[in-house]
There are 4 protein chains.
Amino acid sequence: MKRVVVVGGRGFVGGELLRLLVHHPEVQVTGVTSDTQAGRAVESAHPPLRGSGLRYSRRADLEPADLVFLAGVHGSTAAVLDEIGALAPKLVDLTADFRIRDPELMERYYGWRREGERAEAFVRGLPELHRKEIIDADRVAVPGCMATSAILSLAPLASRGLLREVQVDARTGSSGSGASSGSANSHALRSGVMRVFAPFDHRHEAEVMEALGVDVSMTVTATPQVRGVQTVTKVGVGEVSERELQAMYREDYGAEPFVRVVNSPRGTYRYPDPKVLLGSNFCDVGIVADNRGKALAMGGLDNLVKGAAGGAVQCMNLMLGLPETCGLTFPGLHPV
Amino acid sequence: MKRVVVVGGRGFVGGELLRLLVHHPEVQVTGVTSDTQAGRAVESAHPPLRGSGLRYSRRADLEPADLVFLAGVHGSTAAVLDEIGALAPKLVDLTADFRIRDPELMERYYGWRREGERAEAFVRGLPELHRKEIIDADRVAVPGCMATSAILSLAPLASRGLLREVQVDARTGSSGSGASSGSANSHALRSGVMRVFAPFDHRHEAEVMEALGVDVSMTVTATPQVRGVQTVTKVGVGEVSERELQAMYREDYGAEPFVRVVNSPRGTYRYPDPKVLLGSNFCDVGIVADNRGKALAMGGLDNLVKGAAGGAVQCMNLMLGLPETCGLTFPGLHPV
Amino acid sequence: MKRVVVVGGRGFVGGELLRLLVHHPEVQVTGVTSDTQAGRAVESAHPPLRGSGLRYSRRADLEPADLVFLAGVHGSTAAVLDEIGALAPKLVDLTADFRIRDPELMERYYGWRREGERAEAFVRGLPELHRKEIIDADRVAVPGCMATSAILSLAPLASRGLLREVQVDARTGSSGSGASSGSANSHALRSGVMRVFAPFDHRHEAEVMEALGVDVSMTVTATPQVRGVQTVTKVGVGEVSERELQAMYREDYGAEPFVRVVNSPRGTYRYPDPKVLLGSNFCDVGIVADNRGKALAMGGLDNLVKGAAGGAVQCMNLMLGLPETCGLTFPGLHPV
Amino acid sequence: MKRVVVVGGRGFVGGELLRLLVHHPEVQVTGVTSDTQAGRAVESAHPPLRGSGLRYSRRADLEPADLVFLAGVHGSTAAVLDEIGALAPKLVDLTADFRIRDPELMERYYGWRREGERAEAFVRGLPELHRKEIIDADRVAVPGCMATSAILSLAPLASRGLLREVQVDARTGSSGSGASSGSANSHALRSGVMRVFAPFDHRHEAEVMEALGVDVSMTVTATPQVRGVQTVTKVGVGEVSERELQAMYREDYGAEPFVRVVNSPRGTYRYPDPKVLLGSNFCDVGIVADNRGKALAMGGLDNLVKGAAGGAVQCMNLMLGLPETCGLTFPGLHPV
């Protein structure tokens, strides 16, 4: 059994991560911290942890482990990286702090100055694109939820030079905003919204841009579900047919355990929809085309699983030499 | 045109009240206050007020009016009553401060000590039970949303001596918790709940008890809708038949403009359901009975309208000599 | 009082139309038909009509009126047009049958052959673009809900030659699918969806194309709310600044009673969101731009009101010489 | 590996059952039938089964197995019982057909005549009350979802003679109505409801009555969530204190793998709420008391898991000599 530690286990991502780890057959959670909850039972914050016996501790009380997860608020990693990094040979960061390598891009989107060399030590935690690097990596930064969906839904086009610039339409449920948030995120005000909260310049845009190597303009709308992210991108594909496009996706993802190409000609479940992925580590992607040079690339995932905690566990599996799908085979709960 | 003032116009109840008053043909809103928002446009908090031109002011800047509404947080009225009371000859209080007359009951349920004589100056703002007193009253306290539903759904039984003690099951949407609230009321945590948050001793229980004159045990569950309150009460009725019970309700409420007796033998909309009352000032009530001595009394309303702001405007109409239904004829929006 | 008749008053649009007409101060509903419900009370299908006394009748029993609305299923108008047209000098069609003038476009999108001259007799029922024609028209075809949002949110750009081709992202709630629909629209399967049900070639696309005179590619996603339509369109605007763009919108819509330009730099309610428009006849539009040549044009409305029944009443007001806003001043219910 | 067959795998319960069985480490699904879908992929109806390769077959094509599940519509079991019973030595029925032993009760609640001896061959599939009988049983009838919650939340009182008669308030999400249902269950009409659809005489009432041996009056309200059932029952407990009551529950359920006693004095998650149980096989129960002789007994579960498919798998585990919790350890997904 490998020993793992979670730093920052109070939020939704931390709770989901703990749920996956506690039920993971090859690891043991030897510590979980919270700056404000030290001493309290983890199950008071996360009901799925009932019976786990886990309690929050202080960072100072952590003991060495095989791998450490950082799941605190964005911006918290940089400050504790050296302290935490000393605890374990391997580290998986779920915050945004080291997702972007280019310091200029980081500063433009986050307003944070990061020394490039520190960011370069992190491998992008997207096994479908960087599996080999992750296996050997000491430090991995899990991408943002919408970035993951956008990147996976567009990578087959980007790698074939079919993308120049793209306009990604991203939609996100309320769990992406975290457990503590202001009145705009209260149930009464957040229910039923179609709230365009980032017409331009959302931070995940920078990740997609860096990962795909093309110019990206992303618009983000808060939509009414609790879990789930979807990205929809219309792309010009010239003479390439739908059949050829779909073949590219199947070629790239046919052997991937957690990416499925979903584009059925009929039925209720034709295209990627996070609704049918709740609790699963799948990212469904799909592409369809009209006969006039346009295609629609779609991606969908559970933002707390494949878009965060599940992606992190997938990376952990690779980093610790475990089977990649270990502890991640839940197929999704539907209907919910 | 009568001049009215709203003290505490930042919350959901205040916003709903302003919406009703701005569209009311016989009154003019001459002032609206907020402790924290003075100077800001009311529409920044309440989109339905777009174009109204209303701005929040300070209490000290209010000018005399014909009637003043108090719609701040519970507990705020007692402190400002004398100051505000001097502004207008008539006052309608939407807070809980003076809903209960019995000082002991007040202390038991709220932990507040109130001099009885101050509370006695307030008439319970339920026109269906106290129309005459309201017409002549200077001060009216609008009952709580769940109390209104429970009282109206049970009054025909209470007034005929058919109630001894009752166990009211109350369900309430999230807008009853107000706009600013903690993580338990965030969209992610509040969506889809069936959260029993008051198994016993909810404050509205005291109002029902005082209004009906019987022992009441109320249980309150937070349910997933934004607006709407429903109360369901099983009562023993001995030999009285369903037909007789329904006749009592029709007798009491047949002439009421805002209480409808709803118990159809078939169809989708058989019994009181707040879903079909959104935005309306109706309280639907209904009663059905089995043939074994039990009956089920049901009530439903929009907690922000009949359960708060609409009920207050109904009282205002009576107090200012206006037609009781003036400005309150919106029939409900359905489906939403 | 003008006499109006509603043909096809069983669905959601018919119910909303009846709600508006029954409360309209200048008209009287003298007949409402349903092929399957003749003889039954309208309130059994539409609770907001409780107390209206309206009953469904057969088409054959209708008496002459000043204006007739057609609100049946799409495809039903063409067959009854001559019969119904004889009942009244004015006719407002809420079905899709005559929304498109170009017979080729009609056939491509609907598979229906329409004689062009019949469609040409219909004026597009969008007062903001065709007020004068509507005033004089005998026959008006109300545009589709998503088409209305897209057209109004893009018209200021189109009329200034700033649009070449556009990719409209449209999102729609479940009430757009009607009351009777299959299991895909059941609550369990429709809740929480982000279901791309028309990646290309949605019928409303044809309307937007014809109205704006540019090539349009529309993608439609079913989203989890009951009411509300939103369209979001990213457009290249070259050197035109955000300030200039917003000035164009204010210029075009500043005097419009039912179109508001909504783009605030801060706050919860910055951009058009149907959530705050429920029950209102507003279409909110907004435009923002980055500093790199791109803009985002947004539109939002209540699909049953401005996107259908409210738009139809607005046309009726113009056609009957009534004030345009008569019966349509409800400001929206929020929060719901 | 044990071979199991599912008869009637098209509905929500069938889909959930297949999801659990496909991921169960000790069984293999060797057949799944649907009267209307024979030949089609199971994943077209149930997205979580994507990749399972399962196809619907006809009943006539089924091969012998170790255990067969009946998950078709209520009323379908009786007709096929002999045919299906011959396929396997063990049978678990998820329909209502043999839940009730008393033929008179069956006829009163269902209008069906059942020979008593056939019903007597079935053991009630509630391991917490009938574990030993289930282990030895050939035929087990899984109780209804609301019945399961009510029975488990009240059994500790009933077995101690503390119940005379009870009034159960039951609330149920939309998935309990199945995938194919009329317009009343459409998303637009079902969203946000508080629809009392059975004030009296709901069929599950009969099960509770028979299981607890006391007179039961159950009221059922359709509430807005998709999954989840909750029962709330106020009971008179005389002099018994809350502490003593909770001790009884802990005594009865302390060793149960799938019943948890949940009554915390504080926090967001104080009492049984199906929201935190989605996908899990837990039934949470709790009891609290005032100091005036009344107690509130609460139960909550996921109606498709512990209330149907999960309960059935738990019975199967016992009947096939497998560990009771095998394949049922998913802790619930939260927040959703």
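The values are calculated or read from the model by the stated rules, or taken from the named source; none is laboratory data. From a predicted model like this one, the values you see are computed outputs, not experimental measurements. Note that each Cβ is placed from the backbone with ideal geometry, even for glycine, and that neighbours are counted across all protein chains shown. For accessibility, only protein heavy atoms count, side chains too; no ligands or nucleic acids. Shrake-Rupley method; radii C 1.70, N 1.55, O 1.52, S 1.80 Å.
Computed quantities for the displayed model
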item	result
Sequence-distant residues sharing a close amide H with C:V32 (under 5 Å, placed H)	C:V6, C:S57
Shielding by partners, peptide B:196-205 (average Cβ within 10 angstrom, other chains)	4
Net length gained if the chain between B:D61 and B:M1 were fully extended (0.36 nm per residue, minus Cα distance)	19.5 nm
Segment B:145-301 - Rg over Rh from alpha carbon coordinates, Kirkwood radius	0.98
Label spacing, shortest first and in nm, from A:G238 to its equivalents in the remaining copies (7 angstrom along Cα→Cβ)	2.6, 8.8, 9.0
Within chain D, percent of DSSP bridges classed antiparallel, to nearest 5	45 percent
Net dipole in debye of chain D [+1 Lys, Arg Cβ; -1 Asp, Glu Cβ; about Cα centre; nearest 20]	1020 debye
Minimum Cβ-to-axis distance in chain D for the rotation onto chain C, with residue, whole Å	D:H187, 2
Residue-averaged [θ]222 nm for chain D, counting only DSSP H segments that reach four residues, each worth -39500 (n - 2.57)	-8000 deg cm²/dmol
Antiparallel %, DSSP beta bridges [both residues in segment B:145-301], to 5	70 percent
Between 0 and 90°, nearest 10: helix B:12-22 axis offset from chain B longest Cα axis	70 degrees
Pairs of lysines in chain C (C-alpha under 27 Å apart; 8 or more residues apart or interchain)	11
Counting DSSP beta bridges with both ends in the protein assembly as shown, the antiparallel % (nearest 5)	45 percent
For segment D:145-301: relative contact order, % (alpha-carbon pairs under 8 angstrom, 6 or more apart)	29 percent
Per-bin percent of Cα-Cα distances, segment A:17-113 [10 Å]	14, 42, 30, 12, 1
Whole-Hz couplings from phi, Karplus 6.51/-1.76/1.60, listed for segment A:293-298; x for Gly and Pro	x, 10, 10, 10, 9, 10
Neighbour count of at most 16 Cβ within 10 Å plus DSSP loop: longest GluC sites (Glu not before Pro)-free window in chain C	C:116-238
Reciprocal mean inverse distance between Cα atoms of segment B:242-302 - Kirkwood radius, Å	12.0 Å
Rough spin-label spacing in nm, given labels placed 7 Å along Cα→Cβ, for C:R250 and A:R266	5.4 nm
Sequence-separation-based contact order of chain D, relative, with Cα cut under 8 Å and 6+ spacing, percent	17 percent
Accessible surface ranking that places the most exposed of A:S34, D:S159 first, with a 1.4 angstrom probe	D:S159, A:S34
Per-residue mean of C-beta atoms belonging to partner chains within 10 Å, peptide D:287-298	3
Rg/Rh ratio calculated on Cα atoms of segment D:64-141 (Kirkwood radius)	0.95
Label-reachable residues, segment D:52-74, where backbone N falls under 12 Å from a point 7 Å from D:E83's Cα toward its Cβ	D:58-62
Modelled FRET efficiency - R0 56 Å, D:E165 with C:E165, Cβ distances, 0.05 increments	0.20
Cut-off under 5 Å, modelled amide H: who pairs with B:K294 long-range	B:V237
Label 7 Å beyond Cα on the Cβ vector: B:S180 copy-to-copy distances, nm	1.6, 5.1, 5.3
Chain D: angle of helix D:203-212 to the longest principal axis, Cα-based, in degrees nearest 10	60 degrees
Karplus-derived 3J(HN,Hα), 6.51/-1.76/1.60, for each residue of segment A:119-125, Hz, glycine and proline x	5, 5, 5, 9, 8, 5, x
Cα pair count fraction exceeding 37 Å, expressed as % - chain A	13 percent
For the protein assembly as shown, convex hull volume per residue from C-alpha positions, Å³	174 Å³
Per-residue SASA entry for D:T95, accessible area with 1.4 Å probe, Å² rounded to 10	0 Å²
From phi via Karplus (6.51, -1.76, 1.60), per-residue ³J(HN,Hα) for segment A:185-201 in Hz, x at Gly/Pro	9, 5, 4, 5, 8, 8, 4, x, 6, 10, 9, 6, 9, 9, x, 9, 6
Using alpha-carbon coordinates, inclination of helix D:127-136 to the longest axis of chain D, degrees	40 degrees
Inter-copy label distances at D:M1 (7 Å, Cα→Cβ; nm, one decimal)	2.9, 7.4, 7.9
Spread of Cα-to-Cα distances over 5 Å intervals beginning at zero, given as percent, for segment B:61-203	2, 8, 15, 18, 19, 17, 11, 7, 3, 0, 0
Gyration tensor verdict on segment B:106-157 (Cα atoms; rounded if a/c is under 1.5, prolate if a/b is larger than b/c, oblate otherwise)	oblate
A:H23 versus B:S241: modelled label distance in nm, points set 7 Å from Cα along the beta carbon direction	5.6 nm
